[in-house]
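Everything on this sheet refers to the single structure shown next.
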Amino acid sequence: MKRNMYDNERKIPGMLYLLVSFIPWIIYWILCGMGNELGIVVPFAISLLLIIPQIRKRDFNLMSLTSILYFSIATVGTFIFNLNTFVESSGFLGYSALFLMAGFSLIVKQPYTLQCSKRDYPEIYWKDQSFLAINNIITVAWAGVFLVNAAIFLLLNMPFTVIFSNILITFGIVFSIIFPLKAPSYFVLKEFKKYDWSIGIDPQKPKGENEYDVIIVGSGIGGLTCGALLSKRGYKVLVLEQHSQVGGYCSSFKRKGFVFNTGVEDVSGLLEKGPINFLLKELGLKKEDLFMKNTVRYIFKGKEIDATRNLKEFIKLLSEKFPDEKKSISAFFNEVEKAYEECYREAEIYGTPLPAELIVKVFGERKLLDYPRGHPHFYDWMNKTYKQKLDEYFKDEDLKTLLCTLLGYLGTEPEKTFASNALTACVSYYLYGGYFPKGGAQRFADSLKEIVQSYGGKVLVKHKVDKILMEDREVKGVKVADKTFRSPIVVSNANAQTTFLELVGVDNLDKDFAEYIKGLKMSPSCFMTFLGVDMDLSNYPTLIKNIDEDYNIVINSNADPSLAPKDKVSITILTGADYHDFPERRTEEYSKKKREMAEMLIQRAEKVIPDLSKHIIVQDAATPKTFERYISMPEGALYAFDQSIGVKRPYFKTPIKGLYLASASTFPGGGIEAVVMSGMICANDICNWDVKAP
């Protein structure tokens, strides 16, 4: 169970605490500077007074410990051994002792200013790497002040010693106040500033026939989101798609009256403050026309668990299955609700949570500094793995496994997944449920396409972009076969590797950036079997997730009967697959592997849906190489790049001025909700974060 780690008891402010700790030294230098031996006794007495409450609380301040040690030695040396050194050389010895204290604290990786800083910030900050780094730098600065002051007292005479030492102390105090306020935003913006160019666009300015305000390469949901928002805001937009239909992974195809989705089965982000819900409202679309809630069943340890997407009932269900964890389950989801609410707290402004660099850019550096304090639960999830969060609450390994089921939506392992990513992309389904696209995934994509067109934009399919045109690393447009389309802004919805290595070209990139893009590992892919059957499966839920055998069944027509002919059913069975396990397309080996995988999945599914194989009317399948061909996604990756901890996605703005990324390649990653967020971020940045623009 979690203790209340977010409440900070009333304490003396950190800077005041530091100044109080400094009092014995100030008195020491003043009195000893006058040649008065009271400069030894009084600081010793004050040091004793300061250390007593610390002994009681067993919470020691390193400077107070240094003070009591130093003045104890000074008292003994002065009054027992009759040494006058501590009086005559008070400046040099005192500052030398403080320098050694600061240096020691850095060596043991506990900078002495850290304890003071902890008084001003909730515990949630204390283990944060940037918080530790800032205190390291402040302590280094104070170590420098102490060392230089020691040298000043060794080499100079009055009044220069007093003047210069006080100037340096003042510098240390000012630096300690200002640096913590400025440092977080500095570190966050240090790299992003290289890419944060600005392009002035006048949507009212007349354009030529093949001239546009914005060109979008690719028509996945990220690109269509960006295009729809910009079109509605008055920009002249062109969307270019290499395939015969829009949507990317959010598309559908038909076989003999059966409709199948190419990848979308469970969509998040449709709660009141959810990004997709925000998008639909801005575009004048209705959620109930495009999405409906899923029903779900888990198969775990041979047992069926019908999981309602009502949190209260889901907690009750889990508590019945795992009675020993009942209290922990309630506590876990209580924190989950708080963390999720905090994540989306500012989403009503721009429709999406923002990464750190955009928090600074849009809301200011103070917002970033206060973010952990204002979002303590979510910040905790940001700094831990999902495995760590589960281990905090639960002992039962089966329960942990069950709560990791939806990590397939990220393609990662719990120990390699930030808890915050698991929260928004997986655990959120337990809170608010997931949705199935009515009419098939294609309908949602087509709705966004129609918005682009209704506001005067163009969407051209079968238009594969061959090259992004540039001059002096600035976007000028794109080339499609023998056609040229001009624009100062190109938003690439294609994978970042395709964008930079093929459409931009390595010669137009810095060597380090090109190597970084080449080195990005792709996310997992999957294998899908599509079945049209003449059975009555109305008693089954829409989604069946077999944890024991690692596959999912999606009964599409249970969500929307229009996806299959009357009295028939559209089914998709899918499982994870490695791109490299499949031979080259159009070979016998490839066809054989494809048939074997399909039959294996049907046999597994038949344990859940008896006699399934006897009722198949239509059958098709898709491999990672199928997705690579039709979606133009390297290795058929479902979420673009690997979403594990340590894999840094490119910024949505690029080294090429005027070139944006709006896709699973950039923040926040893969999934329909995530790519909608990427499209919204691009659109808002193009509008200079003026949502009413132009």
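Within the set SER613, SER591, the sole residue that is farther than 30 Å from GLN242 by Cβ, free of Cβ contacts under 8 Å to residues at least 24 places away in the same chain and small (Gly, Ala, Ser) turns out to be SER613.
Residue-by-condition table, conditions (1) without any contact (Cβ under 8 Å) to a residue 60 or more places away in the chain; (2) surrounded by 19 or more Cβ atoms within 10 Å (Cβ to Cβ); (3) of a type in the set (Val, Ile, Thr); (4) more than 30 Å from LYS545 (Cβ to Cβ):
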site: VAL188; (1), (2), (3), (4): no, yes, yes, yes
site: LYS193; (1), (2), (3), (4): yes, no, no, yes
site: LYS205; (1), (2), (3), (4): yes, no, no, yes
site: ILE221; (1), (2), (3), (4): no, yes, yes, no
site: GLU288; (1), (2), (3), (4): yes, no, no, no
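For the stretch 440-484, give me the residue count where each residue is of a type in the set (Val, Ile, Thr), in a strand (DSSP E or B) and more than 18 Å from GLU502 (Cβ to Cβ). So the count comes out to 1.
Can you tell me which residues in the stretch 317-361 are touching a Ser or Thr at 6+ places or on another chain (Cβ under 7 Å), surrounded by 21 or more Cβ atoms within 10 Å (Cβ to Cβ) and farther than 30 Å from LYS182 by Cα? Once the filter is applied, which keeps residues that are touching a Ser or Thr at 6+ places or on another chain (Cβ under 7 Å), surrounded by 21 or more Cβ atoms within 10 Å (Cβ to Cβ) and farther than 30 Å from LYS182 by Cα, the stretch 317-361 yields only ILE329.
Can you confirm whether ALA637 is of a type in the set (A, V, I, L, M, F, W, C), under 19 Å from LEU574 (Cα atoms) and at pLDDT 95 or above? Yes, satisfied. Taking the stretch 106-148 as the range and being at pLDDT 90 or above and of a type in the set (Ser, Thr, Tyr) as the test, only THR139 passes. Return a yes/no flag: does the stretch 529-550 have any residue that is within 23 Å of ILE631 (Cα to Cα) and either free of Cβ contacts under 8 Å to residues at least 60 places away in the same chain or assigned by TED's automatic domain parsing to the domain that holds ARG255 (or both). The answer is no; no qualifying residue exists.
With respect to the stated conditions, LEU317 fails to be in contact (Cβ under 8 Å) with a residue 12 or more places away in the chain, within 26 Å of the chain's Cα centre (by Cα) and on the phi < 0 side of the Ramachandran plot. Candidates in the stretch 555-591 are the residues that are in contact with a Leu (Cβ under 7 Å, 6 or more places away or on another chain) and over 16 Å from LYS254 (Cβ atoms); of these, the one that is surrounded by the fewest Cβ atoms within 10 Å (Cβ to Cβ) is THR575. Would you confirm whether or not the stretch 314-324 contains a residue that is closer than 23 Å to ILE555 by Cα and β-branched (Val, Ile, Thr)? Scanning the stretch 314-324 turns up no residue that is closer than 23 Å to ILE555 by Cα and β-branched (Val, Ile, Thr). The set of residues in the stretch 142-168 that are of a type in the set (A, V, I, L, M, F, W, C) and under 18 Å from THR66 (Cα atoms) comprises TRP142, ALA143, VAL145, PHE146, LEU147, ALA150.
Give the residue that is nearest to the chain's Cα centre (by Cα), with candidates limited to residues of the stretch 233-271 that are closer than 19 Å to CYS682 by Cα and not in a loop (DSSP other than H, G, I, E, B). Residue satisfying both the conditions and the ranking: GLY247.
Across the stretch 642-658, a minimum of one residue is classified as on the phi > 0 side of the Ramachandran plot, assigned to a loop (DSSP other than H, G, I, E, B) and at pLDDT 95 or above. Of everything in the stretch 345-385, what is outside any helix (DSSP H, G or I), in contact (Cβ under 8 Å) with a residue 12 or more places away in the chain and either touching a Leu at 6+ places or on another chain (Cβ under 9 Å) or under 24 Å from ALA683 (Cα atoms) (or both)? Give them in sequence order. Of everything in the stretch 345-385, those that are outside any helix (DSSP H, G or I), in contact (Cβ under 8 Å) with a residue 12 or more places away in the chain and either touching a Leu at 6+ places or on another chain (Cβ under 9 Å) or under 24 Å from ALA683 (Cα atoms) (or both) turn out to be ARG345, GLU346, GLY351, THR352, PRO353, LEU354, PRO355.
The values are calculated or read from the model by the stated rules, or taken from the named source; none is laboratory data. In this text, all values refer to a predicted model and were calculated from it rather than measured experimentally. Cβ: placed from backbone, ideal geometry, glycine included. Neighbour counts: every protein chain shown.
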